[in-house]
Structure formats: C-alpha cells, structure tokens
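Just below is one structure, and these are the notes that go with it.
Computed from the coordinates by the stated procedures, all read-outs in this text should not be read as laboratory data. The structure presented is a predicted model; accordingly, all values stated were derived computationally and were not measured. Note that each Cβ is placed from the backbone with ideal geometry, even for glycine, and that neighbours are counted across all protein chains shown.
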Amino acid sequence: RSTPKPSSAASDVYKRQPYNQAVKAGNTLYISGQIPLIPSTMELLSGSIKEEAQLVMEHLQSILDAAGMTFKHVVKSTIYLDDMNNFGEVNQLYGTYFDNDTAPARETVAVKTLPKSVRIEISMIAVK
C-alpha cells in the first residue's frame with residue numbers, strides 16, 4: 001500500500017487530517033473526495049458550480065498524475081452535490097474528461113451538507 005503525493009500545495013491540507021488524499025493498494029488507486037480548495041491559499045473557491053467542478057477535476061487529475069494514471073484508468077466515481085439542480089452543469093463539465101467508451105461507473109448523490117459547506121465533492125477509484 002502506498003500514498004501518491006501530488007505536487008500541488010493542496011496536499012498540505014491532508015497532512016493535518018486523519019486520512020490520505022489517495023491510497024494505492026496493488027493496482028488500485030482510491031482517491032478521497034476532493035473539494036474546490038485553492039491550493040495556493042488553501043481557501044475555498046467561491047465561484048460558479050462549473051468553476052468549482054473544474055477545480056475539483058483538476059485536483060483529481062493531479063492525484064491521478066502523481067500515481068502514473070489518467071482519467072482513462074478511472075473505473076468508479078461518486079459525485080456529491082448539495083443541490084441536484086446543479087447536476088446538468090456538473091455533468092456537462094465532468095463529461096469533458098471522459099470518452100463515452102471509457103467513462104467509469106458513476107453515481108451522483110444529493111446530500112444535505114458537505115465538508116466546509118461546499119457545493120460539490122468528487123471521489124474516484126482507478127485501476128492500472
């Protein structure tokens with residue numbers, strides 16, 4: 001079991017938490033839920049849901065890169081939204097990262113609240 005370390009400053013916040021940003025067990029990478037945190041300031045992005053989703057996907061890409069993987073290796077993802085009315089915009093942006101033939105299994109769940117009261121969180125599982 002290993003823990004990939006992305007080069008972004010966002011990984012610093014995880015050093016103070018009782019979990020890892022990602023854990024690789026064998027050929028499988030388990031990525032913890034990512035939120036729209038700005039790496040340089042460690043502040044939350046306060047933008048449109050599309051901007052927030054974009055930043056979350058960038059975090060996920062950085063973690064995949066650190067593990068020598070790409071979005072083509074993702075087999076499962078979970079999207080948490082605090083408002084299902086944002087599904088269309090998030091789904092459109094999310095879809096730009098995957099080809100239809102290699103898109104992972106996914107569920108999108110509406111929840112009452114998320115950590116730090118963010119509007120979106122995404123976790124993934126990738127296999128190489």
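A few points about this structure:
- Segment 13-128: relative contact order in percent, alpha carbon pairs under 8 Å with at least 6 residues between: 36
- Per residue, the convex hull volume that the Cα atoms of segment 26-94 enclose (Å³): 99
- Most mobile of S40, S77, S62 in a GNM of the chain (Cα contacts under 10 Å): S40
- Debye, to nearest 20: dipole size of the chain, +1 on Lys, Arg Cβ, -1 on Asp, Glu Cβ: 580
- Start at zero, step by 5 Å, and the Cα-Cα distances of the chain spread as 2, 11, 22, 25, 20, 14, 5, 0 percent across the bins.
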